[in-house]
Every structure is written in structure tokens, then in C-alpha cells.
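Visitor: Quick one: this structure, given as C-alpha cells, is what I'll be asking you about.
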Amino acid sequence: MIDPKEIEQELDRLESLGIIEKVEEPMEWVNLMVPVEKKDGGVRLCTDPVYLNKAMKRPHYPIPTFEDAIADLSGAKYFSKLDATSGY
């Protein structure tokens, strides 16, 4: 069993590094935390961020249209051909 003081210390450490931020008011979403003992005796705080992922606002990078791509290439002097058959 993990000592609650160790969990508090790990939360304080993560907060001091700016990885997490303490909130006092109610939030729209909450992630459950499961503390797991590491092999070295430390504490790992595990969460399931499925609800957090849904709440995040991510930047969108739309794929340019064919017409936009052709317009960007007009006046270009060099072209490359790549074989992406086995690309990852």
C-alpha cells in the first residue's frame, strides 16, 4: 500500500515542475488518479485522460486543396519526387 504522504509529495513535485496545476473550483471534467508503486519504491500517478482529450482544443492543420498546392508551386525552379510506399 502506498503512503498518502508519498502521493502528496509526488503531486507537489509535479506542480512545482509546472506539469500539473492545482484547482480549487469545480471543473467540467475530472480524471481519476491511480497511484502505482514503481520498482524503485517511488510513486507513479496514472490517469485515464479520455475525457481530458475530448476537452482539449487542438490546432487544426487543414490539407491544402489541389488548386492551392499548384498555386504555391508556380514559379518554382526545383521539384522532388518521393516514393512514400513504405513511409510511416
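Visitor: Once Lys and Arg get +1 and Asp and Glu get -1 on their Cβ, which of Phe79, Pro26, Thr47 lies farthest toward the positive end of the dipole of the chain?
Guide: Of the options given, the answer is Phe79.
Visitor: Same structure again: With charges only on Cβ, +1 for K and R and -1 for D and E, what is the dipole size of the chain about its Cα centre, in debye, rounded to 20?
Guide: 460
Visitor: Could you pull out every residue, at least 5 positions away or on a different chain, whose amide H is within less than 5 Å of the one on Val43? Hs are placed 1.01 Å off N in the peptide plane, and Pro or chain starts have none.
Guide: The list, which skips near neighbours in sequence, is Lys38.
Visitor: Still on this model: Convert each backbone phi in the range 56-69 into a coupling constant with the Karplus relation 6.51 cos²θ - 1.76 cosθ + 1.60 (shift: θ = phi - 60°), then list the ³J(HN,Hα) values in order as whole Hz, x for Gly and Pro.
Guide: My calculation for the range 56-69 gives 6, 9, 9, x, 10, 10, x, 6, x, 6, 4, 4, 5, 5 Hz in order.
Visitor: With only Lys, Arg, Asp and Glu charged, each at its Cβ (+1 for the first two, -1 for the last two), find how big the charge dipole of the range 1-50 is about the Cα centre; round to the nearest 20 debye.
Guide: It works out to roughly 280 debye.
Visitor: Here's something else I'd like to know. What number of lysine-lysine pairs in the chain show an alpha-carbon separation below 25 angstrom, given a sequence spacing of 8 or more or placement on distinct chains?
Guide: Total qualifying Lys-Lys pairs in the chain comes to 6.
Visitor: What number, rounded to the nearest 500 deg cm²/dmol, is the helix-based mean residue ellipticity at 222 nm of the chain, given -39500 (n - 2.57) per DSSP H run of at least four residues and division by all its residues?
Guide: -8500 deg cm²/dmol
Visitor: Okay, moving on. With angles folded into 0 to 90 degrees, how steeply does helix 4-16 sit against the dominant principal axis of the chain? Use alpha carbons for both and round to 10.
Guide: Rounded to the nearest ten degrees, it is 40.
Visitor: Calculate one ³J(HN,Hα) per residue across the range 73-78 by plugging θ = phi - 60° into the Karplus curve 6.51 cos²θ - 1.76 cosθ + 1.60, and present them in order as whole Hz with x for glycine and proline.
Guide: Once θ is set to phi - 60°, the couplings for the range 73-78 become 7, 4, x, 6, 9, 10 Hz.
Visitor: Sticking with this one: Which entry in [x] 17.8, 50; [y] 18.4, 57; [z] 23.4, 68 is this structure's computed Rg and Dmax of the Cα atoms in Å?
Guide: From the options [x] 17.8, 50; [y] 18.4, 57; [z] 23.4, 68, the structure gives [z].
Laboratory data are not the source of any read-out in this text; all were calculated from the coordinates shown. Just so it is clear, the model here is predicted, and its values are computed rather than measured. Ideal geometry is used to build each Cβ from the backbone, glycine not excepted, and the neighbour counts take in all protein chains shown.
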